[in-house]
1. If you build the convex hull over the alpha carbons only and average its shadow over all orientations, what do you get for the chain? Give it in nm² to one decimal.
2. Roughly what would the spin-label model give for residue 10 and residue 34, points 7 Å off Cα along C-beta, in nm?
3. If each residue of separation counts as 0.36 nm, what is the full-extension length gain between residue 56 and residue 22 once their alpha-carbon separation is subtracted?
4. Sort the following peptides by mean Cβ neighbour count (other Cβ atoms within 10 Å, averaged over residues), highest first: 31-41, 51-61.
5. To the nearest 500 deg cm²/dmol, what mean residue ellipticity at 222 nm is calculated for the chain from DSSP H runs of n ≥ 4 alone, each contributing -39,500 (n - 2.57), summed and divided by the residues?
């Protein structure tokens, strides 16, 4: 039972890690896309970046007229 809880917790943590990163196209310093080199096993055209945090907008409450 304890092992099942540990495995479940690890699965949740892994899901959180993947949710916090996004695969985006790799760019040079000038902003141009980087092409993939087919001679290498990894794909250089894509890189993993942290997901942007969206801040909630605050709204002002309307004052009541008395």
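Taken together, the values in this text are just the output of simple stated rules run on the coordinates, not laboratory data. Please read these numbers as outputs of a predicted model, since none were measured by experiment. Quick reminder, even Gly has a Cβ in these numbers, built from the backbone with ideal geometry, and neighbours come from all protein chains shown.
1. Taking a quarter of the hull surface, the average projection is 11.3 nm².
2. For residue 10 paired with residue 34, the spin-label model returns 3.2 nm.
3. Between residue 56 and residue 22, full extension yields 10.2 nm more.
4. 31-41, 51-61
5. -9000 deg cm²/dmol
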